Amino acid sequence: VGRGDAPPAPPAPPARARPEAPPTTHSVAQPGTAASPKTRTNPTRTETRRKPAAPRLAPLLADDPGLGASVTAVRGVGEKAAARLARLGLHTVDDLLNHVPHRYRDYSETVAIADIETGRDLTVTGRVVDVRSARGKAGKQVVWVLLEDATGRLRLSFFNQPYLAKSFRPGSRIAASGKVEQWGGRAVMNGPEWEKLNADGSTSGRIVPIYPLTEGVTQRFVLRHVQSAVSQFADLLGDPLPVWLREEESLCTRPDAYRAIHTPQDAAERDRGFRRLAFEELLGLQLWFRQKRRARRERRTQALDAGRGAMDLFLHSLPWPLTEDQRAAIEEIAADLSVATPMSRLLQGDVGCGKTVVAAAALVQCAAAGAQAALMAPTEILARQHVQSLGALLEPAGWRTVRSAEELALAAGHERVMGLLVGGMRDADKIAMREAAAAGGVRVLVGTQAVIQETVALPEQALSIVDEQHRFGVMQRATLDGAADGSPVQQGEGPAVHSLVMTATPIPRTLAHVFNADLDHTVIEQMPRGRRPIETEWLAPDQRERAYAYIRKRVDEEGDQAYIIYPLVETSEHVEARAAVEEYERLRSDTFADLRLALVHGRMPPAEKEAAMAAFHAGDAQVLVSTTVVEVGVDVPNATVMLIDGAERFGLAQLHQLRGRVGRGSKASMCLLVTSGGGKVAHARIRALTERIPDATVEGGTRLRNGLELAERDLELRGPGEYFGTRQSGVLDPFRFARLSDTKTLAAAVRVAERVLDEDPQLKDSRHGGLARLTRPYHEGAARK
Ligand code: ADP
Ligand code: MG
């Protein structure tokens, strides 16, 4: 290779590439020795995502012999290594075994150099034609390897590992695996994993786990210790699944599963391992949910069965006809409430579909039967909003709404009184409200969950309604005792109450029966008549000015209000997304200098946040610049425009919920989505939001997809192949091994759980000891609360 073919001057390596101590025993054939900067930083984030906060559900093994022991019990792990593992949150043998690879490098699937796509993670094989060491611009040392196959040549670069130069001999054949990037117009694979090819030119065919890492901890280090833990401890793992179940569901044993995920011979073996552990996770959750459901059916509460009189009066007093879905929801709930088995129902429906009136009907039925009810919202603003909108619905039916001691006094002796209780009220008002609630003068108490839960007793309470629980994950549900729905009143052995949870978070049908296995489920899909669809446009970054001009026109000329949403609170160097704080400053001093702007983001003190929201609510602020915190239930009918900047960074459900903040009044509304990047899937999401689909039942014959349809589309887009890809964090997903898109395993777990519980509802049979143990983390999570 002549001078003319000299490698391009390497650009400064990524700042995050740190020198790596050379491995003490250096084996060329061992993949995973070269630590790439990529695998070192990204996984840190994966790791935070994968490790949910307490209670941890995955370590089901801590009570097995030896597995709760310190990592130093593993051969080859001394105090120093233990300290490094601790940085990954790995303290016990159990932690080490449950450190799940976030992906695998597959040397058996190779790509011809001519077919390389930049940006993709891939493996190539070829002959080494040149090796040279150089010093990069920033003084970093780099080893360049030129690799050739029948179709072309590719450069590999290794930073700060000068000792590697000796490992590559020109003429030898290797496989290299990593991401290819364009540097100075040439394709370069930076810091690849690699291995020598066999004599016959084949790769080892193995797949190699890639673990979540953190600063100063290498793949090689983690791989070695995890594998050592597996060989030493896997056989002690025991197996909670009875033999008949393993056979029937074709599942491998637990020890085999751990071997399969950490030391797989091939992809098929790895998949068997994951399937087994996924099944176990799902079964544990299903057993627990379904046990609770059965237990709830055994409990008794007040039957709210004073007849239909009050309810019919209320329904007749409504200013508009109910939608069919609303009517069905009201009747379903009415039937639940009229019997002594406590209701536990989730009411799901897009923002604006009209869930409030359904709640109001339940409150009416409860009051008619002489019982009290609490309605709780996540924030003070929402609680106040509820009192207002419930008041508007209930006052024509003879209710009084009270917000202060004075109003309470005026309502004295009145039968149907609804009171507000939130932290921001004057102390005297709060005290009066609590006393009236305890004495029975207030029949329905509306407030924030925190305040009501902690400070009030409603002696005659028979119903609890919790609104907008869409940030409520399975994890949190697991930590709440008694009520899978999070209603506080059912804790412990106290009297049960009927419980209704309302949410705008759509749960795909394929998942609803799995993740709400402990709840009954009602869905409102129809929107009230006469709603104008929210026009939705997808704009390129260079059309931002157009979006600003449109906002100005609506705000200035029409007197409307607008939201501008940014995905992050602070600018992160890795993410180009425009941060709300920065953009707010820019917009305020430049683009919209003459308009009244307000800013809201999650890291603001709550009081400031509420003040900004209130200003927007009152119309004092014309434009609200915000992160996603406005997602939750704000209702400002005069807000007709929403600009979402960096829309590619949001999930489909979230975009949909954000969009639902506009289109709440009689005027036509517009949602502008600006993307500046994002891959195929992100763009497919945006398209799903903007496309209109045929629907003969609405004016014009087409409509936007509703929340449920979008959620289902989202699940499809994520696809069944997403074993190791980005996972949807949060709401539904507390798992390490299970995938939401794996509906087959989900269904199997549901089926098995029901069958086992039919036979042995308490899991008391000694044959089911292992299964009972699978539910223990949930029970313990519940008990801790
Ligand atoms: P959600 O809580 O489900 O987001 P709301 O209960 O706040 O929705 O209702 C949104 C708006 O629609 C409210 O202004 C309400 O008065 C109105 N609304 C509800 N049901 C109907 C209906 N059947 N017909 C017309 N308007 C309705
Ligand atoms: Mg609502």
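The values are calculated or read from the model by the stated rules, or taken from the named source; none is laboratory data. Owing to the predicted nature of the structure, the values given are computational and were not obtained by experimental measurement. Here the Cβ is made from the backbone with ideal geometry for all residues, glycine too, and neighbour counts use every protein chain on show.
Considering region 375-404, the residues that are within 16 Å of ligand 2 (Cβ to nearest atom) and of a type in the set (Gly, Ala, Ser) include one that is nearest to residue 464 (Cα to Cα), namely 377. In region 526-533 there is no residue matching the filter, namely being in contact with a Phe, Trp or Tyr (Cβ under 7 Å, 6 or more places away or on another chain) and at pLDDT below 85.
Matching residues to (1) polar (S, T, N, Q); (2) at pLDDT below 80; (3) surrounded by 18 or more Cβ atoms within 10 Å (Cβ to Cβ):
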site	(1), (2), (3)
680	no, yes, no
684	no, no, no
700	no, yes, no
707	no, no, yes
716	no, yes, no
739	no, yes, yes
744	no, no, no
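Checking the condition hydrophobic (A, V, I, L, M, F, W, C) and more than 26 Å from residue 88 (Cβ to Cβ), which residue from 208, 243, 222 passes?
Working: 208 fails: more than 26 Å from residue 88 (Cβ to Cβ); 222 fails: more than 26 Å from residue 88 (Cβ to Cβ).
After applying the criteria, what remains is 243.
If only residues of region 495-551 that are within 15 Å of ligand 1 (Cβ to nearest atom) and of a type in the set (S, T, N, Q) are counted, the one that is nearest to residue 743 (Cα to Cα) is 505. Close Cβ contacts (under 9 Å, 6 or more residues apart or on different chains) running from residues in region 652-677 that are over 22 Å from residue 354 (Cα atoms) and at pLDDT below 90 to residues that are among the basic types (Lys, Arg) and not in a helix (DSSP H, G or I) comprise 676/578.
Only a single criterion out of (1) within 13 Å of ligand 1 (Cβ to nearest atom); (2) crowded, with 18+ Cβ neighbours inside 10 Å; (3) among the acidic types (Asp, Glu) is not satisfied by residue 324, namely (2). Would you check if residue 215 is modelled with pLDDT under 80, within 30 Å of residue 84 (Cα to Cα) and among the acidic types (Asp, Glu)? Yes; evaluated as a whole, the condition is true for this residue. So is residue 384 under 32 Å from the mean Cα position of the chain (by Cα), within 29 Å of residue 616 (Cβ to Cβ) and not acidic (Asp, Glu) or not? The answer is yes for residue 384.
Kindly provide the set of residues from region 241-296 that are small (Gly, Ala, Ser) and in a helix (DSSP H, G or I), ordered by number.
Within region 241-296, 257, 260, 267, 268, 273, 278, 284, 295 qualify.
Taking first residues from region 329-345 that are within 18 Å of residue 355 (Cβ to Cβ) and at pLDDT 95 or above and partners that are of a type in the set (Lys, Arg) and assigned to a strand (DSSP E or B), the Cβ contacts under 7 Å between residues at least 6 apart in sequence or on separate chains come to 333/345; 336/345.
Selection within region 501-514: residues that are more than 16 Å from ligand 2 (Cβ to nearest atom) and touching a helix residue (DSSP H, G or I) at 6+ places or on another chain (Cβ under 6 Å). The member of this set that is modelled with the highest pLDDT is 508. Of all residues in region 614-629, one or more are surrounded by 15 or more Cβ atoms within 10 Å (Cβ to Cβ), free of Cβ contacts under 8 Å to residues at least 24 places away in the same chain and of a type in the set (Gly, Ala, Ser). Here residue 364 fulfils each of the conditions (1) part of a helix (DSSP H, G or I); (2) within 13 Å of ligand 1 (Cβ to nearest atom); (3) touching a residue at least 40 places away in the same chain (Cβ under 8 Å) apart from (2). The residue of region 386-399 that is farthest from residue 376 (Cα to Cα), among those that are touching a strand residue (DSSP E or B) at 6+ places or on another chain (Cβ under 7 Å) and surrounded by 20 or more Cβ atoms within 10 Å (Cβ to Cβ), is 399.
The rows are residues; the columns are (1) within 16 Å of ligand 1 (Cβ to nearest atom); (2) basic (Lys, Arg); (3) in a loop (DSSP other than H, G, I, E, B); (4) closer than 23 Å to residue 559 by Cα.
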residue: 613; (1), (2), (3), (4): no, no, no, yes
residue: 637; (1), (2), (3), (4): yes, no, yes, yes
residue: 643; (1), (2), (3), (4): no, no, no, yes
residue: 661; (1), (2), (3), (4): yes, yes, yes, yes
residue: 665; (1), (2), (3), (4): yes, no, yes, yes
residue: 671; (1), (2), (3), (4): no, no, no, yes
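For region 334-344, what are the residues that are surrounded by fewer than 24 Cβ atoms within 10 Å (Cβ to Cβ) and either within 16 Å of ligand 1 (Cβ to nearest atom) or of a type in the set (A, V, I, L, M, F, W, C) (or both)?
Within region 334-344, the subset surrounded by fewer than 24 Cβ atoms within 10 Å (Cβ to Cβ) is 334-336, 338-341.
Passing the criteria: 334, 335, 339, 340.
Restricting the first member to region 172-187 and to residues that are within 21 Å of residue 107 (Cβ to Cβ), and the second to residues that are of a type in the set (Lys, Arg), the beta-carbon pairs closer than 6 Å and six or more apart or on different chains are 173/127; 174/196; 177/105. Of everything listed in (1) under 26 Å from the mean Cα position of the chain (by Cα); (2) modelled with pLDDT of 90 or more, the single unmet condition for residue 543 is (1).
Here's the yes/no breakdown for (1) closer than 12 Å to residue 283 by Cα; (2) out of contact with any Leu (no Cβ under 8 Å at 6 or more places or on another chain):
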{"residue": "741", "(1), (2)": "no, no"}
{"residue": "747", "(1), (2)": "yes, yes"}
{"residue": "756", "(1), (2)": "yes, no"}
{"residue": "761", "(1), (2)": "no, yes"}
{"residue": "772", "(1), (2)": "yes, no"}
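Surrounded by 20 or more Cβ atoms within 10 Å (Cβ to Cβ) and in contact with a Leu (Cβ under 7 Å, 6 or more places away or on another chain): does that describe residue 156? Here the answer is yes, as residue 156 does meet what is asked.
Quick one: in region 367-391, of everything that is assigned to a helix (DSSP H, G or I) and away from ligand 1 (no atom under 14 Å from the Cβ), which residue is nearest to residue 610 (Cα to Cα)?
Of all residues in region 367-391, those assigned to a helix (DSSP H, G or I) come to 367-368, 380-391.
Checking the rest, the ones that are also away from ligand 1 (no atom under 14 Å from the Cβ) come to 367-368, 380.
On the way: 367: 32, 368: 35, 380: 8 Å.
Looking at residues that are assigned to a helix (DSSP H, G or I) and away from ligand 1 (no atom under 14 Å from the Cβ), I get 380.
In region 401-419, is there at least one residue being within 19 Å of residue 358 (Cβ to Cβ), in contact with a Leu (Cβ under 7 Å, 6 or more places away or on another chain), at pLDDT 95 or above and not in a helix (DSSP H, G or I)? Yes: one or more hits. As a summary of the residue check, residue 236 satisfies the conditions (1) buried (at least 19 other Cβ atoms within 10 Å of the Cβ); (2) in contact with a Gly (Cβ under 9 Å, 6 or more places away or on another chain) except for the one numbered (1).
Restrict the check to region 127-145 and report whether at least one residue is within 23 Å of residue 207 (Cβ to Cβ) and either modelled with pLDDT under 90 or outside any strand (DSSP E or B) (or both). Checked region 127-145: no residue is within 23 Å of residue 207 (Cβ to Cβ) and either modelled with pLDDT under 90 or outside any strand (DSSP E or B) (or both).
Examine region 477-500 for a residue that is at pLDDT 70 or above and within 27 Å of residue 628 (Cβ to Cβ), and state whether such a residue exists.
Residues of region 477-500 at pLDDT 70 or above: 496-500.
Cutting the leftovers down to within 27 Å of residue 628 (Cβ to Cβ) gives us 500.
Yes, some residue in region 477-500 is at pLDDT 70 or above and within 27 Å of residue 628 (Cβ to Cβ).
Of all residues in region 95-110, those being in contact with an Asp or Glu (Cβ under 8 Å, 6 or more places away or on another chain) and either aliphatic (A, V, I, L, M) or over 30 Å from residue 149 (Cβ atoms) (or both) number 0. Looking at residue 351, is it within 9 Å of ligand 1 (Cβ to nearest atom) and touching a strand residue (DSSP E or B) at 6+ places or on another chain (Cβ under 9 Å)? So residue 351 does not fit the description; no.
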